[in-house]
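This report concerns only the one structure given below.
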Amino acid sequence: MPHRLLVFFVLLVFSGCSPLLTEPPPVSDSTMVEVLTELHLAEALQHAASPPLPPSIRDSILERHQLTPASFEAALEYYALDAEEYAALFERVLERLNAERTQLGDYPKSVPNATSSEAPTAP
């Protein structure tokens, strides 16, 4: 009997740790891309701004996309369960950031992707 209980416990633990995402994400991929893009832009502006942007900028971005901090954190946790999906999401964020940078005519024309070791060079 103790052996069966141990097997049941092990199966229960491993079934709860499954990396397969069977539920839909709490926030759609497209919304996450928009939010993460805006958050990265706001963070860049905050570092360059004088005086700095208020810390509540994150909350205002989330509010614009009808998200609460808790729902955004839940979405981040969801995507963190699947590294490939999370990486694909960030590739889309980088594509958007590159598109915005190109539209503004800023140099360099691309942001290195997360898997690249190349660094932007100065003009």
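Remarks
- Hey, SER110 modelled with pLDDT under 50 and in a loop (DSSP other than H, G, I, E, B) or not: no
- Contact map, the stretch 35-49: first residue over 20 Å from PRO69 (Cβ atoms) and in contact (Cβ under 8 Å) with a residue 40 or more places away in the chain, second residue part of a helix (DSSP H, G or I) and among the basic types (Lys, Arg), Cβ cut-off under 8 Å, separation 6 or more or different chains; the map is empty.
- Positions within the stretch 76-98 being surrounded by fewer than 12 Cβ atoms within 10 Å (Cβ to Cβ) and under 15 Å from LEU36 (Cα atoms), in sequence order: GLU77, ALA80
- Of all residues in the stretch 62-75, those being closer than 14 Å to THR37 by Cα and either among the basic types (Lys, Arg) or within 14 Å of the chain's Cα centre (by Cα) (or both) number 3.
- Of all residues in the stretch 24-79, those being among the small types (Gly, Ala, Ser) and more than 21 Å from LEU97 (Cα to Cα) number 5.
The values are calculated or read from the model by the stated rules, or taken from the named source; none is laboratory data. Not measured: the values here are computed from a predicted model. Here Cβ is always computed from backbone atoms with ideal geometry, including for glycine, and neighbour counts include all displayed protein chains.
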